[in-house]
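See structure below.
The values are calculated or read from the model by the stated rules, or taken from the named source; none is laboratory data. Please read all numbers here as calculations on a predicted model, not as lab measurements. As a convention, Cβ positions derive from the backbone with ideal geometry for all residues, glycine included, and neighbour counts pool all protein chains shown. Ligands, DNA and RNA are stripped out before the accessible areas are found, and what is left, the full protein with its side chains, is counted by its heavy atoms. Shrake-Rupley method; radii C 1.70, N 1.55, O 1.52, S 1.80 Å.
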Amino acid sequence: FATAKGELVRSILYPKPLQFKFYADSFKFLGVLFGIAVLGFFYSIYWFRHWGVGWGKIVVRCLDLVTIAVPPALPIALSIGVVFAVWRLKQAKISCIAPNRVNLGGRVNRVCFDKTGTLTSDGLDVSGVMEAHSGTFEPLQAMTGRAAPRMLSVLGACHALSEVAGQLVGDPLDVKMFESTNWVMLRPTKAQASAGVLAVVHDRTEQYLLSTPCRLEFGIVRRFDFASRWQRMGVVVRRVKLSPSQQSASDKKTADEAVAAAAAARESADEVV
């Protein structure tokens, strides 16, 4: 729980209780009434003893004063008010699963709804990348076609994704970014894992790095998670060579994706017809 992700998980598992201003003001009000009751309690004792009243009658009268100053039925009245509000909401076919938030909802004067898919969508698409040189951005480069090898290396390796049962798991933005590069993520072999490699990523085609055609194959050695304070993340990678098992797994994954794409294209064509 000491990392940034651990703090996020801890906040989800053990959320901090919400404190509403209404309840805080109610306790302050009761505190003021109790303070007045205490002052009246000692003031009454002084004058009752001055008038020669017995201790039994003094205790009864002073306790009456406390119960009058601090009404014991006030919390019950507040609870009854919340229950009545929930009942009225139920009559209007509105279900309330958090009665303690009814008071907060009473201050809402406008509610806006948006049907997902009409104004917004639940997915992300990568339009392209913009390289920066000498403090200025270059024109937008579409991901289709051959982008700069160094840029592809950054997009393909600098992320916090993991592969579980053949599926990429991680932040949706990282998933879309990695898919746009057309790279493949593989599990490290035992030899690579013993050398500290967390995952292996590589390009499907040869790229020209420093004017030399080569496959971009990297092993992710260490990840530095995204820090909102610095607004960036980083990874440490090393050049690796794919083993025969990894090469066959990569070829199989490429073939499966090609078959899935062809099936999707056929289904879309059938729908058009």
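Can you figure out the FRET efficiency of residue 80 with residue 53, using R₀ = 35 Å and their beta-carbon distance, to the nearest 0.05?
0.40
With every protein chain present, what accessible area does residue 171 have (1.4 Å probe, heavy atoms only), rounded to the nearest 10 Å²?
Estimated to the nearest 10 Å², residue 171 gives 80 Å².
Using 16 Å as the cut-off for backbone N distance, which residues of the stretch 70-85 belong to the label zone defined by a point 7 Å from the Cα of residue 32 along Cα→Cβ?
Counting backbone N atoms under 16 Å from the label point, the list is 70-71.
Considering only DSSP states other than H, G, I, E and B, which chymotrypsin sites (Phe, Trp or Tyr not before Pro) in the stretch 16-101 qualify as loop sites with at most 11 other Cβ atoms within 10 Å? Let's see the in-between values first.
Working: sites: 20, 22, 23, 27, 29, 34, 41, 42, 43, 46, 47, 48, 51, 55, 84, 87; in loops: 20, 51.
The qualifying sites are 51.
Evaluate E = 1/(1 + (r/R0)^6) for residue 92 and residue 8, where r is the Cβ-Cβ distance and R0 equals 41 Å; express this FRET efficiency to the nearest 0.05.
Once rounded, the FRET efficiency stands at 0.65.
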